[in-house]
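The values are calculated or read from the model by the stated rules, or taken from the named source; none is laboratory data. Note that the coordinates shown come from a computational prediction; the quantities given were computed from them, not determined experimentally. Here the Cβ positions follow ideal geometry from the backbone for every residue, glycine too, while neighbour counts run over all protein chains shown. Only protein heavy atoms, including side chains, enter the accessible area calculation; ligands, DNA and RNA are left aside. Shrake-Rupley method; radii C 1.70, N 1.55, O 1.52, S 1.80 Å.
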Amino acid sequence: MDIPIPDRDAAAQLEALNACPEDAFVAALGEVVEHSPWVVRRVAALRPFASVWALHAALAGVLRASDADTRTALLQRHPELAGREAGEGTLTADSNREQSRLGLDRLSAAEHARLRALNTAYRERFGFPFITAVRLHADLASIFAEGERRLANAAATEAGVALTQVAEVVRGRLAQRFGIAPGWLSTHVLDAVAGLPAAGVALTLSVQHAGGWRRLGGFETDAEGRCPLLLCDDAMRAGTYQIEFRIGDYFRSRGHDGGFLDTVPVRFVVSDAALHYHVPLLCTPASYTTYRGS
């Protein structure tokens, strides 16, 4: 179905959704959660949303908060990859577009047989179809590898993995509707001295621009030591970024005078604006560790 959202920028589209009646909100987002409009309806009561990814976080939160039977029923509503629904022509427009991206609608006989065997083994083991966000895969080999690896998971573990993949499918669908890249940037700071999240750490985000650095904004970690949305929506672009953490100020405010570190700069590259980039920082007054998180 056509998505009845005005053809404007993402912020204007979101503003319209925040203000529209509940039924219009549900109709506009359509099958963003496969065959489960109740999720969208429940989220409508949580408006307004400050960003598309705040909307996504609310949808994912409803999924996680559902009881086990409800989550299983939701997973069972998803179509298999190149499965019965595809053969019957009953895929939703979203699923059809997603599956065609890597040629799942035009598999060779050998590829189709391999995928059919994977789907059958997976459903027999877990009771719901193999679900993966196709946009996160570069090729069919990646999909096969993931499916075969996940067959070894315990049932409880795999239910959580499948739900995470549903949330990634939802992220891609929201990005499609709003015309934005589905990636975002976040950070999490941990105080290794106290063994606790580092709340109240001031930080600055900059992007390399025209031979120098352009400041994008200042932030402060929340009670869990997180800044969950440093960059998102149409501001998320490929490029070189830097987060400067005011670690010295943080530890001095907690009585650690004479520390070695002052500002910790972490410079990194966003090569694909469609992905999530997470920058964790584990720190003491004299040392820090960082890595590409998830």
**Complete:** Taking the range 243-252 and keeping only residues that are under 13 Å from Thr221 (Cβ atoms) and either open to solvent by less than 40 Å² (accessible area, probe 1.4 Å) or modelled with pLDDT under 95 (or both), one is left with Ile243, Phe245, Ile247, Tyr250
**Request:** Please go through the range 87-122 and pick out each residue that is surrounded by 12 or more Cβ atoms within 10 Å (Cβ to Cβ), among the β-branched types (Val, Ile, Thr) and without any contact (Cβ under 8 Å) to a residue 40 or more places away in the chain.
**Result:** Thr120
**Message:** Pull out all pairs, ordered by first then second residue, where Cβ-Cβ is under 8 Å, the residues are six or more apart or on different chains, the first lies in the range 198-210 and is under 13 Å from Arg252 (Cβ atoms) and part of a strand (DSSP E or B), and the second is open to solvent by less than 10 Å² (accessible area, probe 1.4 Å) and among the basic types (Lys, Arg).
**Reply:** none
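Residues are listed down the side, and each one gets a yes or a no for (1) hydroxyl-bearing (Ser, Thr, Tyr); (2) over 28 Å from Pro228 (Cβ atoms):
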site: Arg42; (1), (2): no, no
site: Gly61; (1), (2): no, no
site: Leu74; (1), (2): no, no
site: Pro79; (1), (2): no, yes
site: Ser95; (1), (2): yes, yes
site: Ala113; (1), (2): no, yes
**Message:** For the range 263-282, give me each residue that is open to solvent by less than 70 Å² (accessible area, probe 1.4 Å), out of contact with any strand residue (DSSP E or B) (no Cβ under 7 Å at 6 or more places or on another chain) and either closer than 18 Å to Leu203 by Cβ or not aliphatic (A, V, I, L, M) (or both).
**Reply:** Asp272
**Request:** Output yes when any residue across the range 246-261 is in contact with a Ser or Thr (Cβ under 7 Å, 6 or more places away or on another chain) and under 30 Å from Leu14 (Cβ atoms), and no when none is.
**Result:** no
**Message:** Just checking, does the range 85-102 include any residue being hydrophobic (A, V, I, L, M, F, W, C), under 26 Å from Ala159 (Cβ atoms) and part of a helix (DSSP H, G or I)?
**Reply:** yes
**Item:** So Arg267, is it outside any loop (DSSP other than H, G, I, E, B) and either out of contact with any Gly (no Cβ under 6 Å at 6 or more places or on another chain) or touching a residue at least 12 places away in the same chain (Cβ under 8 Å) (or both)
**Value:** yes
**Prompt:** Only one of (1) touching a residue at least 12 places away in the same chain (Cβ under 8 Å); (2) part of a strand (DSSP E or B); (3) open to solvent by 50 Å² or more (accessible area, probe 1.4 Å) is not met by Arg214, so which one is it?
**Reply:** (1)
**Asked** Which one of these does Arg177 not meet: (1) within 27 Å of Phe49 (Cα to Cα); (2) part of a strand (DSSP E or B)?
**Response** (2)
**Message:** Could you check the range 218-242 and list, in sequence order, the residues that are small (Gly, Ala, Ser), surrounded by 12 or more Cβ atoms within 10 Å (Cβ to Cβ) and free of Cβ contacts under 8 Å to residues at least 24 places away in the same chain?
**Reply:** Ala235
**Message:** Can you tell me which of (1) buried (at least 17 other Cβ atoms within 10 Å of the Cβ); (2) closer than 26 Å to Ala138 by Cα is the one Gly293 doesn't meet?
**Reply:** (1)
**Prompt:** Does Ala181 count as surrounded by 13 or more Cβ atoms within 10 Å (Cβ to Cβ) and either in contact (Cβ under 8 Å) with a residue 60 or more places away in the chain or at negative phi (or both)?
**Reply:** yes
**Item:** Count - residues of the range 123-159 that are more than 22 Å from the chain's Cα centre (by Cα), open to solvent by 70 Å² or more (accessible area, probe 1.4 Å) and free of Cβ contacts under 8 Å to residues at least 12 places away in the same chain
**Value:** 2
**Prompt:** Looking only at residues in the range 21-50 that are part of a loop (DSSP other than H, G, I, E, B) and open to solvent by 10 Å² or more (accessible area, probe 1.4 Å), which one is nearest to Asp94 (Cα to Cα)?
**Reply:** His35
